[in-house]
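The values are calculated or read from the model by the stated rules, or taken from the named source; none is laboratory data. These figures come from a predicted structure and were not determined experimentally. Glycine gets a Cβ as well: all are built from the backbone with ideal geometry, and neighbour counts include every protein chain shown. Protein only, heavy atoms only, side chains kept; ligands, DNA and RNA dropped before computing areas. Shrake-Rupley method; radii C 1.70, N 1.55, O 1.52, S 1.80 Å.
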Amino acid sequence: GGRDHYGIGAELRVPVLPFLSLTGAGRYDGYNYAGNSFGEFTYNAGAELRPTDKILVRGAIGTGFRAPDLHYVYRGPGTVNGGGADYYNCRLEQTDPTLADCVNTRYEGFIQRRSGNRDLLPETAQSVTAGIVWAPGRIFDVSVDYFRIRMENQVLNLDTNSLLIDEANCRLGTDINGGQVDAASPTCLDALDRVQRFQNGASTGELQSVSVVPINVARERVEGIDVALNSRFPIGGAVDIALGASFTYVIDHQIQQYPGDPTLDKYVPLNGYEIPRDKGKAYVTFNLPRFSTTLTGIRIGKMTNWNWDGKIDESYWFNLSAQYDLTDSLRLSGTVTNLFDRDPVEDPSHASYPYYNSSWFDAVGRRYYLQLTYKFGGDAL
């Protein structure tokens, strides 16, 4: 498949007063793909206010527009031998089962059908940001920023496990914890259409096939706060130490899959979204005239476990990097990733291979990288 895209835009920055600057940008984009034509104007407007030479107050509003990636649109139809838990029959056969119980006792094979979706719409977004930066001197600065982003028609690749859970909830009229489910909701109608069961013979009622395609999410909203701190301290001659940290906390993250569906909080375990509410990073860098090394620590907050009834622990990861300028044109650099050879976060509820959240973690331990860079001509590295 193919896609035509054209766009035109402009941006400007206006110093209105010595302490106030305004920025603006506008752009029009047009797309033609799969017999569809779409076009939209997007904009961004911002302001920077400096009441003193140590304080910056900033804010911006903007919109976004982009076509879905080509493979989401044009991927050809195909089938594979898939597998998944038959939550519907499991819940009929057992008394008060958990999701893990169903995986262990009712894991079935079936045909999984995948294809692109030529009816996908472009994604749109609206955003608001506002913040303040305090820089009392050349060696220190700290910033706090608030963000709120609203997305519509975001492309979502349907998940087989989530479809099977939705299908069971919709057929039975309740979720696995007994909460009421509207079988006439758009999500239920879609799940019941995608999950096919045998209608006759010895396999009547068993899973036959699951159809998985990318869809446009009705809307998603996220708001949170970013905090960052950076400092640099000379300790004699050309030697200095740099320290810094950043932290993101998401106040609210909600999603509605189809118009008419209930809006779900992504941090409620039962809703099945395995994402952290907070993430952070800190670093320390030691600089010499030709040598520098940096130790970076990363923290990923608690996430919903595989069984959707609790949380897995937060995790901490460390990386070490260094570089040495052998000459003005030749540099040797190296990195050690996962410095302390940490394992993926344990999830006792994870009842199938690989037994940990592979969307966020991997089983590869400590890794080493070495790089030699040479620059021909021009300024030094």
Treating every alpha carbon of the chain as one equal point scatterer without solvent, the Debye formula yields log10 I(q)/I(0) values at q = 0.07, 0.11, 0.14 Å⁻¹ of -0.48, -1.09, -1.38
Projected convex hull area of region 43-127, Cα atoms, direction-averaged, in nm², equals 11.9 nm²
Close lysine pairs (the chain; alpha-carbon distance under 28 Å; 8 or more apart or on separate chains) counted at 11
Of all C-alpha pairs within region 310-378, those more than 17 angstrom apart amount in percent to 58 percent
In whole Å, largest first, the alpha carbons of region 119-272 cover along the principal axes 84, 34, 29
In Å, the C-alpha Rg and Dmax of region 269-326 are 17.4, 55
Descending accessible area (1.4 Å probe), largest on the left, turns 110, 198 into 198, 110
Total charge of the residues flanking residue 375 in space, meaning their Cβ is under 11 Å from its Cβ, with Lys and Arg +1 and Asp and Glu -1, is -2
Per principal axis, largest first, the Cα atoms of region 192-303 extend in Å by 84, 31, 23
Yeah, region 99-160 with a ≥ b ≥ c from its alpha-carbon gyration tensor (a/c under 1.5 is rounded, else prolate when a/b outruns b/c, oblate otherwise) is oblate
Over region 101-206, with neighbouring protein chains present, the accessible area per residue in Å² at probe 1.4 Å is 53 Å²
Net charge (Lys, Arg +1; Asp, Glu -1) of residues whose beta-carbon lies under 11 Å from that of residue 141, residue 141 excluded, is +3
In deg cm²/dmol, rounded to the nearest 500, the helical mean residue ellipticity at 222 nm of the chain, built from -39500 (n - 2.57) for every DSSP H run of length 4 or more, is -3000 deg cm²/dmol
Rounded to the nearest Å, the spacing of the alpha-carbon centers of region 63-122 and region 262-280 is 20 Å
Counting only protein heavy atoms with a 1.4 Å probe and every protein chain in place, the carbon and sulfur fraction of the accessible surface of the chain in whole percent equals 54 percent
Semi-axes in Å, largest first, for region 25-167 (Cα gyration tensor, √(5λ)) are 46, 26, 12
Most packed first (mean Cβ within 10 Å per residue), the peptides 220-228, 257-265 order as 220-228, 257-265
